[in-house]
Each structure stands twice: as structure tokens, then as C-alpha cells.
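Visitor: Take a look at this one; I'll ask things after.
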Amino acid sequence: MQTNATPQIAQIGAGYWGKNLARNFAELGALAAIVDGHPETAAREAEKNKVAARTLDEVLADEAITGVSIAAPAELHAPLALRAFAAGKHVFVEKPLALSLADSREMCDAALASGRILMVGHLLRYHPAFETLLAHVRSGTIGALRYAYSNRLSYGKLRVEENALWSFAPHDLSMLLALFDARPETVTGSGGGWVTPGLEDEYRLDMTFAGGRRAHVFTSWLHPFKEHRLVVAGEDGMIVFEDSAAKPENKLVLYRHTVTWKGAVPEAIKADAEPIPFPADEPLRCECQHFLDCCATGATPRTDGAEAIRVVETLLRAATKPAADSAHA
């Protein structure tokens, strides 16, 4: 229910992903306006969500608007965010935060100087299944973490401005860096392109962490079927988060597999799969509500600028070519 205390948000960019953000902010009673470079898009989404289509200048000058949500090409993230902070607005920006560490740091500095919130759309950090998985790992359900891998694969949507790593992997890296709670000691990456010259359609990234722990990410939009799977292995078991699973009970599963030794020979002992229950809340709704809560209370977002810088740094360390677009995976 909307109250006078509900932060009011203008959606900047109402295309492929921005329209979903607009819908959620509207349903939370927080959408104040739509801004889009295409007038017909702005008008359509404004009518759909029963708000006004306005210009960026109008939004930034309106003191009744608390913050902005930016779903625009990544090269525009920094200039748009900097203008918003200068106008005293809180900022939610889709992934990646920016295409360079310099722009990323400038955005974080501007947020700090203005005393406003900077939050980045690493959506899967707000998925109730991942939140539950992370709690299990941190509480020791599977013992000390050994390795993890994440596959983000599908057939299409084909991009022409960014490679598969920059398009897909920010979500996976955000999850993995949270799980390992450390900066990778090494990061390597490689990929191949066949559709658009010079643009990788599939990409693999490998990371090592202190203590011999490892993680890797595999992304592709030329995969025969959709697979969004995160596997986390510890010394006492494994947890699988498969967001692409058709049934909710198959999305988050614990395997208490163990290894025993018969003399000098190891033997794998398999255990039955144990579904792990988690709330059925929509991840994007949780993400939007978290931004509103942070705007209202001044709390630090789970995916703040500092967290997003770690993700951008990891992408750059993988020797990928920064992309011009940030279309949502």
C-alpha cells in the first residue's frame, strides 16, 4: 500500500528490461515517471503503469522524486548516474555498473559525496533460492567451501554490442564472490565467436582463491537448451541451485555425498537428493523492494557500488573486451 513515506522512483529506460523494473516499482506504489529516448516507448509504458512520461531534466528537477532506476546501455550508466547524484537522487542501475574501473569509482565517489544510495542490479543476489543457499554455506551445512561453478547458457538472445561474458556473467560473479567472500587470486578467461566477428558467443572464466579453492563460469547464447545452474561443493556435501528447473522443488537441492577411504583407495558414497525449501517471492520484486527500503532508511544495499566494482574488476581481469551495451540476461 502506498504511503507518503514511500520513495518515488523515475524509471530511466523502459525497453527490454526497464519495462519489468517499471512494472515492479508501480506495483510497489513507488513509480513516479517514465523516461525513455523513444517517445512511443515512454508513452506506452507510462500509460500501462498509470504515470507520466517525462524528460530527464524534468525528473531531476522534481524534488518529489526520490530516486531513479537506470536501465540504459552501459556506456550511459556513469553520465546518467552522475547527473542524478548531482540532483540529489538515489540511484539504482542495471548491471554492469560501468565498463571501466574509473567510471565505476567515480559513480561510487559521487554517491558517497551526495549521501545517496547506489545500488546495482545483480538480480540473482535477491533470488530467495540463492539467499537460502548462501545462508546454508555460511552456516556450515556443507562444510568448508572447496569449489563452485555456474553455467548460464541458452539459445539466443544474440547480442551484437557485447560478448557473452559481459552480458551474462555479472550475475554469476556476484553470487560466486559472495560465496567465497574474497577477491580471486587469479582470473583467466577465453571464448570464441562465430556469429558476429570479434564478439565471443561463448566465454569461460576461471578463478582461484586462497587455500586452493576454485570457481568457474561458463556463458553462452549458442547452447542447445537453457541451463542456469550453480553448483557449490564443500567438504561435507554439495548444493545445486538450478533456476532453469521446471519444478520449484528441483531448483535448490542438497546432496550429502561423502568420500571414504579403503586403504589407499577413495570411494564416493552417494546420498539421496534433499530439496531445500525457500520462499516463492519474485526475485525482481525483492530487488526493487530492497532498493526502496535502502532509500527510506539509508541502509547499505546488498549489491552496493563497492560490490559492483569487484564484479567489474573481475570481468576486466578476465581480459574480456568491454562492451557497449548492458542488455539484461
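The values are calculated or read from the model by the stated rules, or taken from the named source; none is laboratory data. Being a predicted model, the structure only gives us computed values, none of them experimental. Ideal geometry is used to build each Cβ from the backbone, glycine not excepted, and the neighbour counts take in all protein chains shown.
Visitor: Based on this model, can you work out whether G234 counts as outside the structural domain of A22 (by TED's automatic domain parsing), farther than 26 Å from A32 by Cα, more than 18 Å from the chain's Cα centre (by Cα) and surrounded by fewer than 15 Cβ atoms within 10 Å (Cβ to Cβ)?
Guide: Criteria not met by G234.
Visitor: If you don't mind, there's one more thing I want to ask. Given the structure, is D201 surrounded by 24 or more Cβ atoms within 10 Å (Cβ to Cβ), under 29 Å from A72 (Cβ atoms) and touching a residue at least 12 places away in the same chain (Cβ under 8 Å)?
Guide: Spelling it out, it is not the case that D201 is surrounded by 24 or more Cβ atoms within 10 Å (Cβ to Cβ), under 29 Å from A72 (Cβ atoms) and touching a residue at least 12 places away in the same chain (Cβ under 8 Å).
Listed here are the residues, each with its yes/no results for (1) among the small types (G, A, S); (2) in the same structural domain as S104 (by TED's automatic domain parsing); (3) surrounded by fewer than 18 Cβ atoms within 10 Å (Cβ to Cβ).
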{"site": "D206", "(1), (2), (3)": "no, no, yes"}
{"site": "V217", "(1), (2), (3)": "no, no, no"}
{"site": "E227", "(1), (2), (3)": "no, no, yes"}
{"site": "L254", "(1), (2), (3)": "no, no, no"}
{"site": "V259", "(1), (2), (3)": "no, no, yes"}
{"site": "E267", "(1), (2), (3)": "no, no, yes"}
{"site": "D281", "(1), (2), (3)": "no, no, yes"}
{"site": "G298", "(1), (2), (3)": "yes, no, yes"}
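Visitor: Only one of these is under 21 Å from E106 (Cβ atoms) and either without any contact (Cβ under 8 Å) to a residue 12 or more places away in the chain or assigned to a loop (DSSP other than H, G, I, E, B) (or both): L80, L76. Name it.
Guide: On inspection, the qualifying residue turns out to be L76.
Visitor: When the residues of the range 130-166 are filtered to those that are buried (at least 23 other Cβ atoms within 10 Å of the Cβ) and of a type in the set (A, V, I, L, M, F, W, C), which remaining residue is farthest from A318 (Cα to Cα)?
Guide: Checking each candidate, the answer is L133.
Visitor: Which residues, taken from the range 174-186, are over 20 Å from A135 (Cβ atoms) and within 19 Å of the chain's Cα centre (by Cα)?
Guide: R183, P184
Visitor: Do you know which of the residues in the range 294-306 that are in contact with a Pro (Cβ under 8 Å, 6 or more places away or on another chain) and of a type outside the set (A, V, I, L, M) is nearest to F130 (Cα to Cα)?
Guide: Restricting to residues being in contact with a Pro (Cβ under 8 Å, 6 or more places away or on another chain) and of a type outside the set (A, V, I, L, M), the top hit is C294.
Visitor: Can you tell me which of P128, P170, P184 is more than 21 Å from I276 (Cα to Cα), touching a residue at least 24 places away in the same chain (Cβ under 8 Å) and out of contact with any strand residue (DSSP E or B) (no Cβ under 8 Å at 6 or more places or on another chain)?
Guide: Just one listed residue meets the conditions, P170.
Visitor: Residues that are at pLDDT below 95, among the β-branched types (V, I, T) and in contact with a His (Cβ under 9 Å, 6 or more places away or on another chain): which strands (runs of 3 or more DSSP E) entirely in the range 206-304 hold 1 or more of them?
Guide: By residue number, 265-269.
Visitor: While we're looking at this one, here's another question. Mind counting the residues in the range 82-106 that are within 18 Å of the chain's Cα centre (by Cα) and either among the hydrophobic types (A, V, I, L, M, F, W, C) or surrounded by fewer than 21 Cβ atoms within 10 Å (Cβ to Cβ) (or both)?
Guide: 8
Visitor: Additional query: Please note which strands (runs of 3 or more DSSP E) are completely contained in the range 1-71 and include at least 3 residues that are assigned by TED's automatic domain parsing to the domain that holds F92, more than 15 Å from A81 (Cα to Cα) and at pLDDT 95 or above.
Guide: The qualifying strands (runs of 3 or more DSSP E) are 31-35.
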